Amino acid sequence: MEKIEEVYKRLEIDQPTFSEVDDDWTKYGLSSTHFKALVSVTLSTMTHTPRVVKAATALYEVADTPEAIVKLDDDLLRELIRPVAHYNRKTQHLKKMCREIIGNFNGEVPRNKSDLLSLTGVGEKCANIMLNFEFNQNSIAVDSHVFRVLNRLGVIHTSSHEKASEIINKITPNQYKRHAHEWLIGFGMRVCHAKKPNCSECVLYDLCVFTEKTSEER
């Protein structure tokens, strides 16, 4: 507990929150409604932000409600979201998710985790992002950047993103949960890169157990 608290104390000083930077999601309206936020998050799986922006903005110019997306021809929907990874599968998942929102939740995005997870294409990460950023519930989403940072710090010891999410949400003090995802993902993207971590600028270097780091990196 002491280690994770020290991690957050340093990252709070070192890393900006999304509202403090030029956030493309806000700039391009990817989360201007709860529904758009949900669709954008599901499209973002295994896809970099520029491609998500390209696909989402093209889609929302044509359809930005579950009812409108359901009415889209599958080939057109597939073409609109082609920039994202696994666009064929996401086309089918998106159509099914929209039908579920209409049929099970009166066309509104559900606001609790179990209901969010019941939607096709929505996993642990997507649900936690929605809870935190859309519904103001303290919840930490674990994506590839967050997962990498937590493992390198030795905070978690698992190959499962779901287990990592369970652990970090359990051990994180409540006062840090609102911005923990933002700090960790920012740190992972700007400093703790997958292939060449910038250890010379790492504010967490002395806490890290990453086996590939060497004394020469400082």
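The string of couplings for the range 152-166 from the Karplus curve (6.51, -1.76, 1.60, θ = phi - 60°) is 5, 7, x, 6, 10, 9, 8, 9, 9, 5, 5, 5, 4, 4, 4 Hz, one whole number per residue in order, with x for Gly and Pro.
The charge dipole of the chain, taken about its Cα centre with unit charges on the Cβ atoms of Lys, Arg (+1), Asp and Glu (-1) only, comes to about 440 debye.
Couplings 3J(HN,Hα) of the range 22-32, computed from phi: 7, 7, 5, 4, 6, 4, 9, x, 6, 10, 6 Hz, in residue order, whole Hz [Karplus 6.51 cos²θ - 1.76 cosθ + 1.60, θ = phi - 60°; x for Gly and Pro]. By accessible area, using a 1.4 Å probe on protein heavy atoms only, the range 103-207 has 48% of its surface on carbon and sulfur.
Return one whole number: the accessible area per residue of the chain in Å², for a 1.4 Å probe. Mind dumping the intermediate values first?
Numbers: 11280 Å² over 218 residues.
Per residue, the chain has 52 Å² of solvent-accessible surface.
Relative to the present Cα-Cα distance, how much length would full extension add between residue 33 and residue 118 at 0.36 nm per residue of separation? Walk me through the intermediate numbers first.
Working: separation 85, 0.36 × 85 = 30.60 nm, distance 2.00 nm.
Extra length available between residue 33 and residue 118 comes to 28.6 nm.
Here each label is just a point 7 Å from Cα along the line to Cβ, and for residue 3 and residue 158 those points are 1.6 nm apart.
Say a site is exposed when it is one of the GluC sites (Glu not before Pro), sits in a DSSP loop, and has at most 15 other Cβ atoms within 10 Å; what is then the longest site-free stretch of the chain?
Values: sites that count: 108, 212.
Answer - 1-107.
Annotation: residue 161 carries an accessible surface of approximately 70 Å², with a 1.4 Å probe and no ligand, DNA or RNA atoms counted. The slack between residue 12 and residue 198, meaning 0.36 nm per residue of separation minus the straight C-alpha distance, is 65.1 nm. The listed residues 183, 25, once ranked by accessible area (1.4 Å probe) with the largest placed first, stand as 25, 183. Legend: calculated FRET efficiency, residue 48 to residue 104, from the Cβ-Cβ distance at R0 = 30 Å, rounded to 0.05, equals 0.45.
The values are calculated or read from the model by the stated rules, or taken from the named source; none is laboratory data. This one's a predicted model, so the numbers in the text were calculated from it and none came from an experiment. Cβ sites come from the backbone with ideal geometry, for glycine too, and all protein chains shown count toward neighbours. Surface areas here come from the heavy atoms of the whole protein model, side chains and all, with no ligands, DNA or RNA. Shrake-Rupley method; radii C 1.70, N 1.55, O 1.52, S 1.80 Å.
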